[in-house]
């Protein structure tokens, strides 16, 4: 059902039945818009309180459903701040897939990924990010907070609003949830200080149009372009790293449960890997042992050398080591986000928040 509804939201389904359901989704999107407007007005007129922390807050968000690349951007920003001698802390919403459903929990797959890649950065996870931030201030005294998925989070005030936009699919079909994938109307982008066009290599043909649209909405915001660069392959269970060139002409299946599986699949194939089959699950899916056994069986029947997955999925797959034969390697592709041009300007904008 989830996949069917998403196919309607992205206009991949046609026909009279699909058209009727889309109309109902459009009606629901009107009520969704009213909810967004009411929430904004409640904070605007002080009926709900928006709190300023004692340390600066850099928000990283988006206006569409997942798969934009917020987590790599949060990682990149945190590392850039560290390189400037600052002490960042990351704030995330607290949910964790359990029983194939999102439930409130202190650990999400994004949180585990950031903790692994940012061992010296406090990563605060909780349903109430304001309380989480206050606790981190007491325990770690950071210089700056990086608020993940913060564009629609009104409880905590921010000093810098960074909005990530997928250059390959910037605004979906232009409709709000649940008729489309927009979380807010596009005029909300007036709140942004910086736009980062992620996957600008995959969506290079859209860059000019996207920039023109963003300039019409918010000409004061600075636009940067970013790419997701593959770095290396790493064994999920053994930790051994493989150079990208070592995988050229190797056979594999791909496996992922992320918001934008297409970009991951393109990256793997661009490295010369012969992918015999793609296993795709919905974003944040919690794998079961039966899933892994089925994937292993199909991989072996295809005669593939490897199972290749994402770093985020690798964290969830580690518990299934005993279900995977020793001769079948499971590798994840480590990808890093990089600002293409004017990188120093981007860093200066981040550092400038701390000097206010």
Positions within region 330-356 being part of a loop (DSSP other than H, G, I, E, B) and closer than 19 Å to residue 225 by Cα, in sequence order | 340, 341, 342
Unique residue being more than 19 Å from the chain's Cα centre (by Cα) and under 30 Å from residue 165 (Cβ atoms) when the list is 239, 259, 303, 272 = 272
Which listed residue, of 24, 17, 33, is part of a helix (DSSP H, G or I), touching a strand residue (DSSP E or B) at 6+ places or on another chain (Cβ under 6 Å) and surrounded by fewer than 17 Cβ atoms within 10 Å (Cβ to Cβ) | 33
Kindly check whether there is at least one residue in region 73-83 that is within 25 Å of the chain's Cα centre (by Cα) and not in a helix (DSSP H, G or I).
-> no
Result of the Cβ filter at 6 Å on region 38-49, keeping first residues that are in a helix (DSSP H, G or I) and partners that are modelled with pLDDT under 95, at least 6 apart or interchain, is none
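Results for (1) farther than 23 Å from residue 229 by Cβ; (2) in the same structural domain as residue 109 (by TED's automatic domain parsing); (3) without any contact (Cβ under 8 Å) to a residue 40 or more places away in the chain, shown as yes or no for each residue.
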| site | (1), (2), (3) |
| --- | --- |
| 265 | no, no, yes |
| 273 | no, no, yes |
| 283 | no, no, no |
| 293 | yes, no, yes |
| 301 | yes, no, yes |
| 304 | yes, no, no |
| 307 | no, no, no |
Would you say residue 136 is part of a helix (DSSP H, G or I), in the same structural domain as residue 77 (by TED's automatic domain parsing), in contact (Cβ under 8 Å) with a residue 12 or more places away in the chain and on the phi < 0 side of the Ramachandran plot?
-> yes
What is the one condition in (1) surrounded by 16 or more Cβ atoms within 10 Å (Cβ to Cβ); (2) not assigned by TED's automatic domain parsing to the domain that holds residue 163 that residue 224 does not satisfy?
-> (2)
Going through region 108-128 one residue at a time, which ones are part of a loop (DSSP other than H, G, I, E, B), at pLDDT below 95 and under 15 Å from residue 71 (Cα atoms)?
-> 108
For region 248-286, what are the residues that are part of a loop (DSSP other than H, G, I, E, B) and within 16 Å of residue 303 (Cα to Cα)?
-> 249, 250, 273
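The values are calculated or read from the model by the stated rules, or taken from the named source; none is laboratory data. Keep in mind the model is a prediction, meaning the values are calculated, not measured. Quick reminder, even Gly has a Cβ in these numbers, built from the backbone with ideal geometry, and neighbours come from all protein chains shown.
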